[in-house]
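All remarks here apply to the structure that follows.
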Amino acid sequence: GIQSVDNEVRIAHGRAWLASRGGMPVGYLLAWLVGDEAQINRVGVVPGERGRGLGLALVRRCLHAVAEEGAATALLEVNADNAAALALYARCGFAQVGRRKGYYPDGSDALVLRVELATAA
């Protein structure tokens, strides 16, 4: 909800990026930066804008920005069934480092992905 996003942006280690088209928000990315590690928490693109590279641009912008702030690695969790997201993250250099069984409310697994920022696309 709005409150959780607001909380995430206001905390000291919170980072947020917003993509807009014609003055309207069409995508976002929320992350944390704690020490030398970034955690991508949420990436979203409105349905009518998907498939146009916005998610990729948001992830790449985030990785570049947190690397400039001193992050050496970035982590995220993604639904093991989300082929589009897995392909996007692979294009950014992420590789699987773990699996969380039954992570999501529907019982599906999360894959834990990690990238070394020195080699991020």
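The values are calculated or read from the model by the stated rules, or taken from the named source; none is laboratory data. Just so we're clear, the structure is a prediction, and the values are computed from it rather than from any experiment. With ideal geometry, Cβ positions are generated from the backbone for all residues, glycine too; neighbour counts draw on all protein chains shown. Just so you know, the surface numbers come from the protein's heavy atoms only, side chains and all, with ligands and any DNA or RNA stripped out. Shrake-Rupley method; radii C 1.70, N 1.55, O 1.52, S 1.80 Å.
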Inter-residue pairs, beta-carbon under 8 Å, first of a type in the set (Asp, Glu) and in the range 30-55, second at pLDDT 95 or above and open to solvent by 20 Å² or more (accessible area, probe 1.4 Å), 6+ apart: Asp36/Ala72; Glu37/Ala72; Glu37/Leu75
Restricting to the range 75-121, what's the tally of residues that are in a helix (DSSP H, G or I) and farther than 25 Å from Pro47 by Cβ? 3
Among the candidates Leu88, Leu54, Leu63, residue that is open to solvent by less than 60 Å² (accessible area, probe 1.4 Å) and over 20 Å from Glu116 (Cβ atoms): Leu54
Please count how many residues of the range 92-102 are at negative phi, open to solvent by 30 Å² or more (accessible area, probe 1.4 Å) and either of a type in the set (Val, Ile, Thr) or within 13 Å of the chain's Cα centre (by Cα) (or both). 1
Mind checking which residues of the range 34-67 are closer than 17 Å to Glu77 by Cβ and in a strand (DSSP E or B)? Val34, Glu37, Ala38, Gln39, Ile40, Asn41, Arg42, Val43, Gly44
